[in-house]
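Structure record follows, encoded as structure tokens.
The values are calculated or read from the model by the stated rules, or taken from the named source; none is laboratory data. Predicted model only: the values in this text are computed from it and were never measured. When we count neighbours, we look across all protein chains shown, and the Cβ atoms used for this are built from the backbone with ideal geometry, even at glycine. The accessibility values were calculated without ligands, DNA or RNA, using every heavy atom of the protein model including side chains. Shrake-Rupley method; radii C 1.70, N 1.55, O 1.52, S 1.80 Å.
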Amino acid sequence: MKIVFFVPTFGFPRHVRRIEALRSRGADVRIVGFERPNQFAETKPDGALSLGEIVDLDYLGRGIALLKSIGAVRKAIESADIAYCFGTDMLALARVANRGRKGVRFVLEIGDVADVVTRKNVLGWGIRWVERAILSGDVLLVVTSPTYIDE
């Protein structure tokens with residue numbers, strides 16, 4: 001089974017543990033993601049596909065980086081059985097890049113819930129609406145925080 005992991009930053013410990021757990025059980029693993037200055041830079045795995053650099057809290061820059069990476073992601077995902085995405089933005093990227101193709105199954109792992117998502121205002125409602133749209137269809141949701149289910 002070929003699994004392509006989409007990570008928002010290389011080397012995040014929870015992501016590394018999940019990837020290694022599946023690799024140790026025989027999965028053919030490829031890692032695709034972004035680099036962030038001063039975050040886990042020394043742990044970028046050999047053979048990983050870098051989609052470029054993103055900076056924390058620079059949402060416009062992140063959006064541009066996501067759009068620029070669609071072609072590379074489309075190529076990376078073409079032979080995958082599973083696209084395992086850490087975060088809704090990575091799932092959105094993988095789904096857009098895979099548009100028009102069949103055969104890839106999507107997994108979304110959520111490790112925590114950002115405060116903005118649970119706000120009871122227009123911004124919170126808007127973000128939740130976008131998340132529901134991204135999750136529509138056949139997506140396996142993996143949560144590591146009970147807050148995601150409760151909220």
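Here are some conditions: (1) part of a loop (DSSP other than H, G, I, E, B); (2) out of contact with any helix residue (DSSP H, G or I) (no Cβ under 8 Å at 6 or more places or on another chain); (3) under 25 Å from Ser136 (Cβ atoms). Leu67 meets all but one. Which one does it not meet?
That leaves (1) as the condition not met.
Quick one: in the stretch 56-71, of everything that is of a type in the set (A, V, I, L, M) and open to solvent by 70 Å² or more (accessible area, probe 1.4 Å), which residue is modelled with the lowest pLDDT?
Step by step, filter the stretch 56-71, then rank; the result is Leu57.
Tally time: how many residues in the stretch 140-151 are open to solvent by 30 Å² or more (accessible area, probe 1.4 Å) and in contact (Cβ under 8 Å) with a residue 24 or more places away in the chain?
The number of residues fulfilling the criteria is 8.
For the stretch 93-129, name all the residues that are without any contact (Cβ under 8 Å) to a residue 12 or more places away in the chain and closer than 23 Å to Ala65 by Cα.
Arg99, Gly100, Ala114, Val116, Leu123, Gly126, Ile127, Arg128, Trp129
Identify all residues within the stretch 72-110 that are farther than 18 Å from Met1 by Cβ, open to solvent by 20 Å² or more (accessible area, probe 1.4 Å) and in contact with a helix residue (DSSP H, G or I) (Cβ under 8 Å, 6 or more places away or on another chain); write none if there are none.
Arg74, Thr88, Asp89, Ala92, Arg95, Val96
Can you name the residue in the stretch 115-128 that is surrounded by 10 or more Cβ atoms within 10 Å (Cβ to Cβ) and not β-branched (Val, Ile, Thr) and is also nearest to the chain's Cα centre (by Cα) among such residues?
Arg128
Assess whether Arg30 counts as being of a type in the set (Lys, Arg), surrounded by 14 or more Cβ atoms within 10 Å (Cβ to Cβ), modelled with pLDDT under 90 and touching a strand residue (DSSP E or B) at 6+ places or on another chain (Cβ under 8 Å).
No: the conditions fail for Arg30.
Answer yes or no: is there a residue in the stretch 57-74 that is touching a His at 6+ places or on another chain (Cβ under 9 Å), within 18 Å of Thr9 (Cβ to Cβ) and acidic (Asp, Glu).
no
Quick check on the stretch 98-121. Is at least one of its residues at pLDDT 85 or above, in a helix (DSSP H, G or I) and of a type in the set (A, V, I, L, M)?
No, because not a single residue in the stretch 98-121 is at pLDDT 85 or above, in a helix (DSSP H, G or I) and of a type in the set (A, V, I, L, M).
Going residue by residue through the stretch 44-64, is there one that turns out to be assigned to a helix (DSSP H, G or I), in contact with a helix residue (DSSP H, G or I) (Cβ under 7 Å, 6 or more places away or on another chain) and under 23 Å from Arg128 (Cα atoms)?
no
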